[in-house]
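Worksheet: one structure, shown below.
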Amino acid sequence: MMNYLTLLLVVMLSACANVDTKQDVEVFMAITFEEKEEGFGEQTGYKKVNAITTIEKSNHHLETDLKTIEDYYDLEGNYLKTTILHSQYNKSYVIHAKEGDDVRKKFKSLQPFLYQLIRMENID
């Protein structure tokens, strides 16, 4: 039994070796459109996007973690809403399993968003 556990431990530790991690931080603006019945889009405003993407890759797994904050504005520059997205994806090449999860929250004003951000800062 002990030899089996030792072998399992060695296999698990070797699966974690040679992990390449990359993180990108991006800030950009994009035009927002509303699709019409004819199929053409009409510009409705723009959004400011802040994104952090982390990718971890090895011979045995792939893991991505995406966090974005999107602030939406109309054509005159008036604030409309904020959308927060946290998306995770994991793929194991060893057991051929995939797993993913998306959490998206929308705010019509910055007050609830700032309140949650302050609460998250104070959590140890």
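The values are calculated or read from the model by the stated rules, or taken from the named source; none is laboratory data. These numbers come from a predicted model, not from an experiment. Glycine gets a Cβ as well: all are built from the backbone with ideal geometry, and neighbour counts include every protein chain shown. Ligands, DNA and RNA are stripped out before the accessible areas are found, and what is left, the full protein with its side chains, is counted by its heavy atoms. Shrake-Rupley method; radii C 1.70, N 1.55, O 1.52, S 1.80 Å.
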Exception for Lys48 within (1) without any contact (Cβ under 8 Å) to a residue 24 or more places away in the chain; (2) open to solvent by 40 Å² or more (accessible area, probe 1.4 Å) falls at (1)
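Count, please, the residues in region 27-64 that happen to be assigned to a strand (DSSP E or B), farther than 18 Å from Val94 by Cβ and not aromatic (Phe, Trp, Tyr).
21
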His86: passes all of (1) open to solvent by 80 Å² or more (accessible area, probe 1.4 Å); (2) at pLDDT below 90 but (1)
Could you tell me whether any residue of region 90-98 is assigned to a loop (DSSP other than H, G, I, E, B), at pLDDT 70 or above, open to solvent by 60 Å² or more (accessible area, probe 1.4 Å) and among the hydroxyl-bearing types (Ser, Thr, Tyr)?
yes
Residue hits (region 35-53; under 20 Å from the mean Cα position of the chain (by Cα) and not aliphatic (A, V, I, L, M)) are Lys47, Lys48, Asn50, Thr53
Among the residues of region 70-77, are any loosely packed, with under 10 Cβ neighbours inside 10 Å, more than 21 Å from the chain's Cα centre (by Cα) and at pLDDT 90 or above? yes
Of the residues in region 9-29, those that are over 18 Å from the mean Cα position of the chain (by Cα) and at pLDDT 90 or above come to Asp20
